[in-house]
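Encoded as structure tokens, the structure appears first; notes follow it.
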Amino acid sequence: MSNAHQEAIKQFLSLMETAEVLFNVGYPGLQNMHQGYPTEALVRFLKARDWNVQKAHKMLIDCLQWRIQNEIDNILAKPIIPTDLYRAVRDSQLVGLSGYSKEGLPVIAIGVGLSTYDKASVNYYVQSHIQMNEYRDRVVLPTATEKYGRHISTCLKVLDMTGLKLSALNQIKILTTISTIDDLNYPEKTQTYYIVNAPYIFSACWKVFLILCFLVLFS
């Protein structure tokens, strides 16, 4: 890590010490975020904001306030009920732990193509997603850290595009909501994404996307 990055971490730590007094964010739930590795947690927010200390600090304060306002630290104790509704949500939001990499990183499989997100309201899918994030951070990653004897704070995600159709565009609202939550409150938690079983429609859309990016950048 460069000297500039180390200095940024030092400044960030200083700001957070002040924040505990000014914003009263030194609450017990902070442990759920860093799991005993506070410096590494700060680095995630710094990376998410290109090592801009002020922006990373604001991002973290906003995240802590979001957790308090939405009682995120208690969300695992609030199951989706009744059971039939929970099962309907999980059956249409296909996400699960499929194993570990050679380096010990949890591998999360996501059935993008077959997830329909159409069995409940957006709020239930958001709740389910946050619960999976919290379970990953509080249980899966600490367990991997203990098992492999080194700090593991990220995972790998395999995006299975089997069954992907144009109708998936109807899910853009809920997927945008979930993505925004991850970007703002769970930054830098995925080390690598792998896309598998991509049908032609995905390849075609991806090529169009790349062409549009090229035109925007070089026009």
>> Being more than 20 Å from the chain's Cα centre (by Cα), modelled with pLDDT of 90 or more and exposed (fewer than 12 other Cβ atoms within 10 Å of the Cβ) is the requirement here; does Gln11 meet it?
In response: no
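Take the residues of segment 125-154 that are among the polar types (S, T, N, Q) and assigned to a loop (DSSP other than H, G, I, E, B): which is nearest to the chain's Cα centre (by Cα)? Let's see the steps before the verdict.
In the first step, residues of segment 125-154 are kept if they are among the polar types (S, T, N, Q); the result is 127-128, 131, 133, 143, 145, 153-154.
Subset that is assigned to a loop (DSSP other than H, G, I, E, B): 153-154.
Details: Ser153: 11, Thr154: 10 Å.
Checking each candidate, the answer is Thr154.
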> What is the one condition in (1) within 30 Å of His57 (Cβ to Cβ); (2) surrounded by fewer than 16 Cβ atoms within 10 Å (Cβ to Cβ) that Leu169 does not satisfy?
Replying inline: (1)
>> If I filter segment 87-122 down to residues being more than 26 Å from Lys147 (Cβ to Cβ) and polar (S, T, N, Q), which single residue comes out as surrounded by the fewest Cβ atoms within 10 Å (Cβ to Cβ)?
In response: Ser121
> Any idea which residue in segment 105-115 is modelled with the highest pLDDT, counting only those that are farther than 16 Å from Tyr86 by Cβ and assigned to a loop (DSSP other than H, G, I, E, B)?
Replying inline: Leu105
> From the residues in segment 47-86 that are assigned to a loop (DSSP other than H, G, I, E, B) and at negative phi, which one is surrounded by the most Cβ atoms within 10 Å (Cβ to Cβ)?
Replying inline: Ile80
> Among the residues of segment 69-78, how many are at pLDDT below 95 and closer than 24 Å to Gly111 by Cβ?
Replying inline: 0
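Out of all the residues in segment 155-190, which are in a strand (DSSP E or B) and touching a Lys or Arg at 6+ places or on another chain (Cβ under 9 Å)?
First, pick out the residues of segment 155-190 that are in a strand (DSSP E or B): 155-160, 190.
Of everything in segment 155-190, those that are in a strand (DSSP E or B) and touching a Lys or Arg at 6+ places or on another chain (Cβ under 9 Å) turn out to be Cys155, Thr190.
The values are calculated or read from the model by the stated rules, or taken from the named source; none is laboratory data. Since we're looking at a predicted model, the values are computed, not measured. Every residue, glycine among them, receives a Cβ derived from its backbone with ideal geometry; neighbour counts consider all protein chains shown.
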